[in-house]
Amino acid sequence: MSLPSNLKYTKDHEWVSIEGDIATVGITHFAQSELGDIVYVEVETLDQTLEKDAVFGTVEAVKTVSDLFLPLSGEVIEFNEDLEKNPENVNSDPYGKGWMIKIKVSDLSQWDDLLDHEAYGKLIGA
């Protein structure tokens, strides 16, 4: 199972990359494989400032709907609109074309609280 070492992870199976104070967020390969075929990604929090662990959207698979949790406090500044037409990108390329949102992070110290790839691997038994 793919766990890029340059990313950080949450116990809720989101991945995070950061450049300056902008974080890109998606769900992990493990999460998409557990959910199955993704048919819809909904993010209604664009331009909203949310606290860490707040629900920022949902991902709908054939058999279930799951909440998406914000890994870092900040403003949701961008949604990957390509997912509206191609939600399957979350399955086929979760760390690339399947990214979901970008956040302008308000508290960069929260980055240190996220899991590295080794800790996340242990969490999922990889």
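The values are calculated or read from the model by the stated rules, or taken from the named source; none is laboratory data. Keep in mind the model is a prediction, meaning the values are calculated, not measured. Neighbour counts are summed over all protein chains in view; Cβ atoms, including those assigned to glycine, are modelled from backbone coordinates with ideal geometry. Note: areas computed on protein heavy atoms with side chains; ligands, DNA, RNA excluded. Shrake-Rupley method; radii C 1.70, N 1.55, O 1.52, S 1.80 Å.
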Checking S17 against (1) out of contact with any Ser or Thr (no Cβ under 6 Å at 6 or more places or on another chain); (2) among the hydroxyl-bearing types (S, T, Y); (3) crowded, with 16+ Cβ neighbours inside 10 Å, which single condition isn't satisfied? (1)
Over segment 20-40, the set of residues within 13 Å of A61 (Cβ to Cβ), surrounded by 18 or more Cβ atoms within 10 Å (Cβ to Cβ) and more than 11 Å from the chain's Cα centre (by Cα) is L35, I38
Might you check whether a residue that is open to solvent by 60 Å² or more (accessible area, probe 1.4 Å) and either over 12 Å from the mean Cα position of the chain (by Cα) or at pLDDT below 95 (or both) occurs anywhere in segment 54-61? yes
Please note which helices (runs of 4 or more DSSP H) are completely contained in segment 56-124 and include at least 1 residues that are in contact (Cβ under 8 Å) with a residue 40 or more places away in the chain and of a type in the set (S, T, Y). 117-124
Please find, among K97, K104, K85, K122, the residue that is at pLDDT 95 or above and either under 14 Å from the mean Cα position of the chain (by Cα) or open to solvent by less than 70 Å² (accessible area, probe 1.4 Å) (or both). K97
Look through D47, D53 and report the one residue that is touching a Leu at 6+ places or on another chain (Cβ under 7 Å), of a type outside the set (F, W, Y) and not in a strand (DSSP E or B). D53
Looking only at segment 63-82, decide whether some residue is within 15 Å of E14 (Cβ to Cβ), loosely packed, with under 13 Cβ neighbours inside 10 Å and of a type in the set (G, A, S). no
